[in-house]
Amino acid sequence: MSIHFEVKRTTKVSKQTAYTGLLDLDSAKRWMQGLVRIERLDEGPMQAGSQWMETRKMFGKEATEHFEVVELTEPKKIVLRCDGTKGTTGKGEFVFTYIIASEDDHTVITLNGEIRGLTGLTKIFGKMMAGTFKKACAKDLDGLISYMENE
């Protein structure tokens, strides 16, 4: 069973700026809600296979998750995978696909989220979790866009 959600936002910045902003881990502390730290697990420019650990404060506690870049098609597509078994969540797989497109004189960023591999109670509460993830992803995207537009 997998659960899907979508977040769509429009911005004044270029496709390239949006693409670069989504991959700029160093600036995340300026816009990402609850971010404690990001530890890159490799070096060099972001590419398929790049990995990092992201720690956020959520509900008063620190939670760390493992992210990996699955696919990069500059400047229009980014696919990230969060392996829940390697982080605080302890289960599940979360795939975040960002599609960056031009529309008139704006850039549209569409995030397609997919949650897979839930079992037991998490499977039962999965739909509610999807709503929580969607809201968190929307806040992150809003924060990033605000940061990029005011930079």
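The values are calculated or read from the model by the stated rules, or taken from the named source; none is laboratory data. The structure displayed is predicted, hence computed values, not measured ones. Counting neighbours? That spans all protein chains shown, and the Cβs are built from the backbone with ideal geometry, glycine included. Note: accessible area is taken over every heavy atom of the protein model, side chains too, but ligands, DNA and RNA are not part of it. Shrake-Rupley method; radii C 1.70, N 1.55, O 1.52, S 1.80 Å.
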Checklist outcome for this item: Rh_Kirkwood(the stretch 1-76) over Cα pairs, Å, one decimal, evaluates to 14.3
Next on the checklist: I'm checking a number: the convex hull volume of the Cα atoms of the chain, normalised per residue, in Å³. What is it?
Outcome noted: 107
Item to check | the chain - accessible surface per residue (Å², probe 1.4 Å) | outcome: 57
Checklist entry - Which sequence of Asp140, Asp104 reflects their accessible areas, 1.4 Å probe, from the largest down? => result Asp104, Asp140
Next on the checklist: Using only the heavy atoms of the protein chains and a 1.4 Å probe, how would Phe67, Phe59 rank by accessible area, largest first?
Outcome noted: Phe59, Phe67
Checklist outcome for this item: Expressed in angstrom and rounded, the centroid-to-centroid distance over alpha carbons for the stretch 1-44 and the stretch 56-98 is 11
Item to check | Hz values of 3J(HN,Hα) by residue in the stretch 70-76 - Karplus curve (6.51, -1.76, 1.60), Gly and Pro given as x | outcome: 8, 8, 10, 10, 6, x, 10
Checklist entry - Could you sort Tyr98, Tyr19 by accessible area so the largest value comes first, with the probe set to 1.4 Å? => result Tyr98, Tyr19
Checklist outcome for this item: Relative to the chain, whose Cα atoms define the longest principal axis, helix 126-150 and its Cα axis are tilted in degrees, nearest 10, by 30
Next on the checklist: Please list, ordered by chain and number, the residues whose modelled amide H lies under 5 Å from the amide H of Ser50; skip anything fewer than 5 residues away on the same chain.
Outcome noted: Val69
Next on the checklist: For the pair Ala136/Leu41, report the inter-label distance in nm, with labels modelled 7 Å from Cα in the Cβ direction.
Outcome noted: 1.8
Checklist outcome for this item: For the table Lys76/Lys139; Lys12/Lys91; Lys12/Lys61; Lys91/Lys139; Lys61/Lys134, the rows whose alpha-carbon distance is greater than 29 Å are Lys12/Lys91; Lys12/Lys61
Checklist entry - Carbon and sulfur atoms: what percent of the 1.4 Å accessible area of the stretch 55-104 do they account for? => result 49
